[in-house]
């Protein structure tokens, strides 16, 4: 018993202590477990939230991704908010082109007072962000969701605004409000910031792309030579490039309206009617030639529509393009004139021959009369000039078709020039004009060229020089080798002539044979020189006498021949002093 | 003797026409371009002018225009003879007061002579 007593008396405090310790331990374990469980739950909640956040961001990213419409983006965001934030009402305010728009969604019924305070705070926030005041009368307002019950006395307890910034400019505000106070914590706001931030970034990026593309398009329209006018479906001018303002003679910095065009076009083109037709019937139209002063245009009117992703088309307006066709008309006129001239030049000699034969046939002139020989000579001259022209036309068509063949061979330019001089000597003597050659000693004996073709050029140059040089004048044919890297030959015999090309006039890069035919004739007006070597555009020269009418085809053919040789051709001339026609052939 | 002024740079035309005209009835004078034609119109006072269109210096159309603009120049019937055959050219020239248009290569010398006689005949009747 003692032992028992002892033992009970001795052991009982220990036992009590042990039980106590055990209890403490149990409690400790229990609480710590509970705490752990709480932590785990909290962690799990956090993870879920993060995942959720990511999912929402991803979804929003996808939905917002290709939209440029700020309102649409705000709608998407507000529509998704319910999934992770508790609110009584959510809304956004956005600046559109004309006014501001407020869209509020009520989750749980609130009073009118709640709404109006929320609205005021949204606008105040937008004002602060944009540094602008907004006309409260001119607001587009939409309220959706639960009904408004004025009996509900609870007012805004918690509210926060998130700005939507695009391209560094606040364009709207997203607002979340709740009747309970102190509800929104930083993390709630952080996720909203993230969402709007992502949306802003996406839109800014897209807008950047659009701006760049638009810039390209604008630059293109601005720099276009054609006048471009675009109107919207209400016929208001959306685009008018500088060219079109120039056409209707409006200052480039000024805005234009369709009426400016109606005034200028008058009865020539019913621009309003054609625009209406184009927009309503979606048809294109291209006008006949229309002149505005001295300039001719072809005016095209084209409908502009935008195909919607949902299908169908949205009419955006119409584009008017003024295409300047003056050059085409001028070319047409020159070509007609050219054809007319060729026909005339062919008909005249042929008709002359016909009429001479008619005289012979009718017996007006008999073979034994004095006139017979004279008329026979006339017929001979006519047929010769016609043959020359026919040959020129054939050469020209060969050149134009790229079928003109140059047969280069080793030939002596001195011999070719001497040959031509002796050929024209009789004619020059008959006119009292001196015709000489000046062959430089630096000329090699043989060079590579087509002697027949070069003869043809010399024929043209010399016969032209003869035509335009009066009695007592002189013609000089010079030939020399010139290396553009070295000084121009100074031992040329050119005392008798007054106009001679300089090294730079010859326009050569390699050492070349240069042949110059100089005269002391009437010279060529500067304006006419540039057209001399172009088909259809020969200068109308005034020959010194009646026999010298010319189609000018010879020079065009000469140019073709020289270019086939890889050389240059040109002329230097001073009115009243003379001209020097030259060609070069690279060695 | 009627005086006919041929203004044409094509000397063969005036020569052949001269040969084709009945001898002793007409006096043919020629000018090689429009400017010379104006001079001879004033100095020679012809009964008829035969005018070419494509000429150096002053062409046929410009010649007709000068005639229209200058009332002091003698009023003479103008017969245009040219190788230009476009309808527009013909109607333009007729509108400028020419009494007739002959496409040279389409007509024989004989028919041109007939045209000349017809025009001069009408002018005589008028007087």
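Computed from the coordinates by the stated procedures, all read-outs in this text should not be read as laboratory data. Here the structure is a predicted model, which is why all the values come from computation and not from measurement. Counting neighbours? That spans all protein chains shown, and the Cβs are built from the backbone with ideal geometry, glycine included.
Looking at the protein assembly as shown alone, DSSP beta bridges between its own residues are antiparallel in about 70 percent of cases.
Modelled spin-label separation between residue A:211 and residue A:32, with each label point placed 7 Å from Cα along the Cα-to-Cβ direction: 6.0 nm. Three principal axis extents describe the C-alpha atoms of the range A:386-500; from largest down they are 41, 38, 22 Å.
Compared with the direct C-alpha span, the chain from residue A:442 to residue A:455 gains 2.6 nm at full extension, assuming 0.36 nm per residue. Counting Cβ atoms of other protein chains within 10 Å of each residue's Cβ and taking the mean over peptide A:340-349 gives 5.
Placing one equal scatterer on every Cα of the range A:474-521 and applying the Debye formula, the log10 ratio I(q)/I(0) at q = 0.13, 0.21, 0.27 Å⁻¹ is -0.29, -0.72, -1.09. Taking a point 7 Å out from the Cα of residue A:563 in the direction of its Cβ, the residues of the range A:456-496 whose backbone N falls within less than 19 Å of it are A:456-458, A:460-461.
For peptide B:97-109, the mean count of partner chain Cβ atoms within 10 Å of a residue's Cβ comes to 3. Would you please give the FRET efficiency between residue A:496 and residue A:342, computed as 1/(1 + (r/R0)^6) with r the Cβ-Cβ distance and R0 = 41 Å, to the nearest 0.05? That gives a FRET efficiency of 0.70.
When both the range A:96-117 and the range B:57-106 are represented by their alpha-carbon centers, they are found 86 Å apart.
Hull volume per residue, based on the alpha-carbon atoms of the range B:1-110 and their convex hull, is 90 Å³. Each peptide in B:112-118, A:28-34, B:65-71 gets a packing score, the mean of other Cβ atoms within 10 Å over its residues, and the list from highest to lowest is B:112-118, B:65-71, A:28-34. With a 10 Å cut-off around each Cβ of A:354-366, the average count of Cβ atoms from other chains is 4.
Where only DSSP H runs of four or more residues are counted, chain A gives -16500 deg cm²/dmol as its mean residue ellipticity at 222 nm, each run worth -39500 (n - 2.57). R0 = 22 Å: FRET efficiency of residue B:44 with residue B:94, Cβ-based, nearest 0.05? Computed FRET efficiency for residue B:44 and residue B:94 comes out at 0.35.
Against the empirical 2.2 N^0.38 Å (N residues), the range A:329-399 has a Cα radius of gyration ratio of 1.47. Length gained on full extension, residue A:394 to residue A:415: 4.8 nm, using 0.36 nm per residue less the C-alpha separation.
Between residue A:144 and residue A:298, the FRET efficiency from the beta-carbon distance, with R0 = 56 Å, is close to 0.55. Projected onto its three principal axes, the C-alpha set of the range B:10-58 covers 32, 23, 11 Å, listed from the longest axis down.
Projected label points at residue A:330 and residue A:286, each 7 Å from Cα along the beta carbon direction, are separated by 2.2 nanometres.
Given in Å, the Rg to one decimal and the Dmax to the nearest whole number for the Cα atoms of the range A:157-269 are 23.7, 74.
In the distance distribution for the protein assembly as shown, Cα-Cα pairs more than 36 Å apart total 69 percent. Taking 25 °C and 0.890 mPa s as conditions, the range A:65-211 diffuses translationally at an estimated 157 µm²/s according to Stokes-Einstein applied to its Kirkwood radius (Cα pairs). The range A:260-332 gives an Rg/Rh value of 1.09, both radii derived from C-alpha positions and Rh following Kirkwood.
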